[in-house]
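The values are calculated or read from the model by the stated rules, or taken from the named source; none is laboratory data. A quick note: this is a predicted structure, and the numbers were derived from the prediction, not measured. Here Cβ is always computed from backbone atoms with ideal geometry, including for glycine, and neighbour counts include all displayed protein chains. All accessible areas refer to the heavy atoms of the entire protein, side chains included, with ligands and DNA or RNA removed. Shrake-Rupley method; radii C 1.70, N 1.55, O 1.52, S 1.80 Å.
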Amino acid sequence: MAYVIKDTCIACGTCISECPNEAISEGDIYSIDPEKCVDCGTCAAACPTESIEQA
């Protein structure tokens, strides 16, 4: 089950550097590609606004 980024995302970029599979894309609100996400949770642990959760 992939992780998703909620609309409370502030687009700070912290999660991008943590993702080992480059599954996160930039934007006003970042997004996670479910095909690339391996459900490791490193992005969720790094998120300062707790905007990333399991789908």
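In the context of the full set of protein chains, residues of the chain present 63 Å² of accessible surface per residue (probe radius 1.4 Å, heavy atoms only). Computed from point charges on the beta carbon alone (+1 for Lys and Arg, -1 for Asp and Glu), the dipole magnitude for the chain about its Cα centre is near 80 Debye.
For the chain, the set of GluC sites (Glu not before Pro) satisfying both a DSSP loop assignment and a count of at most 14 other C-beta atoms within 10 Å is given as 22, 26, 35, 50.
Using a 1.4 Å probe over the heavy atoms of the protein chains, calculate the carbon and sulfur portion of the accessible area of the range 6-55 as a whole percent.
Carbon-and-sulfur percentage of accessible area, whole number: 44.
Using the alpha carbon gyration tensor of the chain, what are the three equivalent-ellipsoid semi-axes (square root of 5 times each eigenvalue), largest first, in whole Å?
Values: eigenvalues 42, 24, 22 Å².
Equivalent ellipsoid of the chain: 15, 11, 11 Å, largest first.
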